[in-house]
Each structure stands twice: as C-alpha cells, then as structure tokens.
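Working notes, beginning with the structure itself.
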Amino acid sequence: MPALPNRKRFNRLPWRTTIQKQPFLLFGLPFMTLMVIASFGLQTLTQTRYDYQNHKGKAVTKEEQLHMDKNRKKVDIREEYFRLQAGESHVDLENWENVRIARPEGTPEWGVPPSAPESPPTSKDPSART
C-alpha cells in the first residue's frame, strides 16, 4: 500500500483554472481597475483644491469692486514728475542724507565672506604627521 493514496481532486473550480492560465485576471485587472478609480478620486480632490484657491482670490464682491473703482484716483506719471520737480511734496530732494541702519546680528558686511568653519582637532603626536 502506498504512503499517500492517489485521490482525484474534486475541489477544482473552473474559475481557478482560468486564473492559473491567465495571470492577468489575478494581477492586471485589479491593478487597472484601481488606477481608473484612483484617477476619478484624484480628479475630485484636485478640483476641490483649485476651487479653494479661486475662492481665496475672489474675496472682494462685485459691489465692493465697483465702489472701489469709483473712488480711484487716476495717476499720470508726467504729473507726478512735475509735482516732484515743483517741490509740492514733503520730501526735500536737494538736501537729503544717506543714513545707514544697523545690520541684523550675525549678518556679515558686504564683501566679507562668512567666517570659516573651525578646523578639525589635530593630534599632538609628532609621529602621526605625514
């Protein structure tokens, strides 16, 4: 008598044999399905992002925008030039002084490189030199 009896397998299902013959059904089809579903999901998330950014830019209503346009003063560059030349402004263009302000702490002067990093410690053993 053999150690393991020779039995027929009755649990063979037809869809299992199909999957074993065509691995695309087990691996490729679920992957493709996931990619399609994910693209639709990302589309809605991306649209939400752009809608939010657009909403932030449109904080002024149309009525407020029309009100702002009424009170706007038109500026002409030639008028501003002649006004400054005539001395109507509070700025004295002839007698001004260049005042230097203090630099923030740790900022180097122009043209001076930042301080060099500290050199690594050297050994005191003279025989270690090469």
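The values are calculated or read from the model by the stated rules, or taken from the named source; none is laboratory data. If you're wondering where the values come from, they're calculated on a predicted model, not measured in any experiment.
When the residues of the stretch 1-29 are filtered to those that are in a helix (DSSP H, G or I) and of a type in the set (A, V, I, L, M), which remaining residue is modelled with the lowest pLDDT?
First, pick out the residues of the stretch 1-29 that are in a helix (DSSP H, G or I): 14-21, 23-25, 28-29.
Keeping just the survivors that are of a type in the set (A, V, I, L, M) gives 19, 25, 29.
Working: I19: 79, L25: 82, L29: 90.
Among those residues, the one meeting the criterion is I19.
Of (1) of a type in the set (D, E); (2) within 38 Å of the chain's Cα centre (by Cα); (3) modelled with pLDDT under 70, E105 satisfies all except one. Which?
(3)
How many residues does the stretch 65-84 contain that are hydrophobic (A, V, I, L, M, F, W, C) and either outside any helix (DSSP H, G or I) or modelled with pLDDT of 80 or more (or both)? Spell out the reasoning first.
The first filter runs over the stretch 65-84 and keeps only residues hydrophobic (A, V, I, L, M, F, W, C), leaving 66, 68, 75, 77, 82, 84.
Filter once more, so that each one left must be either outside any helix (DSSP H, G or I) or modelled with pLDDT of 80 or more (or both): 75, 77, 82.
The number of residues fulfilling the criteria is 3.
Taking the stretch 30-64, which residues are outside any loop (DSSP other than H, G, I, E, B), modelled with pLDDT under 90 and either charged (D, E, K, R) or more than 23 Å from the chain's Cα centre (by Cα) (or both)?
Selection gives R49, D51, K56, K62, E63, E64.
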